[in-house]
1. Efficiency by 1/(1 + (r/R0)^6): what FRET value for Lys229 and Asp68, r their Cβ-Cβ distance, R0 = 60 Å, to the nearest 0.05?
2. Applying the Karplus parametrisation 6.51 cos²θ - 1.76 cosθ + 1.60 with θ = phi - 60° to the phi angles of the stretch 184-195, what ³J(HN,Hα) value in whole Hz is obtained for each residue in order, glycine and proline being reported as x?
3. I'd like the FRET efficiency for Glu171 and Asn37, computed as 1/(1 + (r/R0)^6) with the beta carbon distance as r and R0 of 51 Å, rounded to 0.05.
4. At R0 = 22 Å, how high is the FRET efficiency between Asn183 and Ser386 if r is their beta carbon distance? Nearest 0.05 is fine.
5. Treat the count of other C-beta atoms within 10 Å as a stand-in for reagent exposure and order His234, His369 from fewest to most.
6. Once you charge only the Cβ atoms, +1 for Lys and Arg and -1 for Asp and Glu, what is the size of the charge dipole of the stretch 30-133 about its Cα centre, to the nearest 20 debye?
7. Taking the Cα centre of the stretch 291-389 as origin, work out the dipole magnitude from +1 charges on Lys and Arg Cβ and -1 charges on Asp and Glu Cβ, in debye rounded to 20.
8. Treat the count of other C-beta atoms within 10 Å as a stand-in for reagent exposure and order Ser140, Ser364 from fewest to most.
Amino acid sequence: MPKRTRRFAAVAVAAALGLTACGGGSGSGGGSASGGNDTYKMGVAMALSGANAALGQDFVRFIQYGVDDANKQYASDNFKIEMVSEDTQATAEAGLNALNKLATVESVPAVFTAWSAVVKAMAPASEDLGVALFNIGANSPDLEGAGANLRNFFPLASVDVRAVATYMAKEKGAKKAAIIRVNNATGEGAAKVYKDAFEKAGGKVVATETIEQDAVDASSQVAKVLAAKPDTIHVQTLLGESSAVMKALQEQGAKVPITTYSGVGEAVAVRQASGDALNGVIYTTLGGAKVTDPKVKELVARFVKDQGREPAGISYDVYMYDSVFFYAEIIKKLRANGDEVNGKNILKLVDSQRDFSNLPLEGSTSFTHAGTVIKDVILKKIEDASKNPGEDPEVVTIKP
C-alpha cells in the first residue's frame with residue numbers, strides 16, 4: 001500500500017459552521033451488524049475554504065439537513081448517521097489529505113465529495129484505503145471508470161454538456177462554437193464532450209481557450225475566442241474565474257449565445273460578481289427535483305431562515321441532501337443482511353441493487369453498469385442575474 005500522507009486539511013471551518021466534525025458512539029466507523037443502536041460516520045470532503053467555499057459550505061449545510069432528517073426517519077431502525085467533514089479547497093492535493101484523514105483517523109466506511117479534480121485524485125487512493133467513494137457534485141466525464149471504489153451519484157458532463165452542445169447545433173442552428181474552460185479536470189473532460197457532440201451534430205469547434213483556476217483576468221482568452229467568430233460560446237469554469245470570463249465577454253462585445261452549466265449559472269457568488277454580464281446566459285441543470293417542487297422549496301426556505309440568504313447552488317444541494325438518505329438506505333439493508341457496514345460491502349450492495357427509490361427530493365436514482373446515473377437535462381436562461389436562480393425561466397427539457 002502506498003505511503004499515506006499526513007498533511008491533513010484544516011477542519012476549523014466545520015466548527016465555524018456549527019457542524020459535526022468528529023465521530024463517537026458505538027459503531028461510529030463501520031458500525032456493527034448486530035442491529036443495535038449504532039452510529040455510522042459519513043465522510044464528507046468539500047471545499048470549505050478558498051474561492052469555491054461559497055458552494056462547499058452550503059453543500060455541507062444541506063448534507064447536515066439530510067443527516068438531521070434521515071436520523072429522524074430511520075430512528076426506528078436503531079441507527080443514526082454522523083457527518084464528519086474535511087476541507088478539500090477544491091484542489092487535488094488538499095482533497096487527498098482530506099480523504100486520508102477521513103479514512104485513517106476517522107475510519108469512515110464511505111466518503112462523499114465533489115469537484116472533478118478532487119474526485120479524480122481521490123478515486124485511485126480510495127481503493128488503497130478501502131473506502132467507498134461517492135461523487136455527489138462533480139461532472140467531468142473522466143470520472144466514469146476512474147476507480148474501482150468510485151460511484152457517481154451526480155450525473156457527469158457526458159449527460160448535460162452533450163445535451164447543450166447538441167441543442168445549440170441542431171435546434172439553434174449554430175455552425176461554429178468556441179469553448180473557454182478551466183485548466184483542470186472540470187474543464188478538460190467537459191470540453192472534449194462538447195466538441196465531440198457539437199461536431200457530431202454538424203457544427204465545428206473553432207477555438208478552445210483555457211484559464212487557470214481562480215484567475216482574475218480572462219481578456220486574452222476572450223479576445224482569441226472572439227477572433228474565431230463563433231456562433232456560440234460555451235464556458236466550463238469554476239467559481240473563482242467565472243466572473244472574469246463573463247465580464248470579459250461583455251466588455252469585448254460578445255453578441256453570440258453563451259452557455260454554461262449550473263455550477264456557474266446558479267452560483268450566487270458568480271451572479272453577484274458578474275452582474276448583468278450573466279444576463280442572457282443559458283445553463284444546464286440536472287435532476288428529478290426542480291426548485292419549484294414543494295419539498296425543494298421547503299428545504300430552501302429552511303436554509304434562508306437559517307442563513308438569511310438564498311443557497312449558492314440548489315441543483316447541487318438537492319444531491320447533497322438526498323445523498324444522506326441514499327447512504328441511510330444502504331446502511332439499513334446491510335444491517336438487515338447481517339453484513340458489516342464497510343467500503344467493500346457498501347460498493348457490493350450498490351452494484352447489485354443499482355436502483356434506489358428512497359430519495360426524498362429526487363424520488364429515485366438508478367446506477368448504470370458503469371457506476372454513473374443519467375437524468376433529464378433542463379436548460380435555463382438568466383434574464384436577471386440579481387434575482388434568485390429559482391426565478392430563471394426554463395428554456396427546454398432534453399431527454400438523454
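Read-outs: derived from the displayed coordinates by stated rules, not from any lab. What you see is a predicted model; the values in this text were computed from it and never measured. Glycine gets a Cβ as well: all are built from the backbone with ideal geometry, and neighbour counts include every protein chain shown.
1. Values: r = 53 Å, r/R0 = 0.88.
Between Lys229 and Asp68 the formula returns 0.70.
2. 7, 4, 4, x, 4, x, 5, 4, 5, 4, 4, 4
3. Values: r = 55 Å, r/R0 = 1.08.
Result of the calculation: an efficiency of 0.40.
4. Efficiency at R0 = 22 Å is approximately 0.15.
5. Ascending number of Cβ neighbours within 10 Å: His369, His234.
6. Using Cβ point charges on Lys, Arg, Asp and Glu, the stretch 30-133 gives about 80 debye.
7. Dipole of the stretch 291-389, to the nearest 20 debye: 80 debye.
8. Values: Ser140 28, Ser364 11.
Sorted ascending by nearby Cβ count, the order is Ser364, Ser140.
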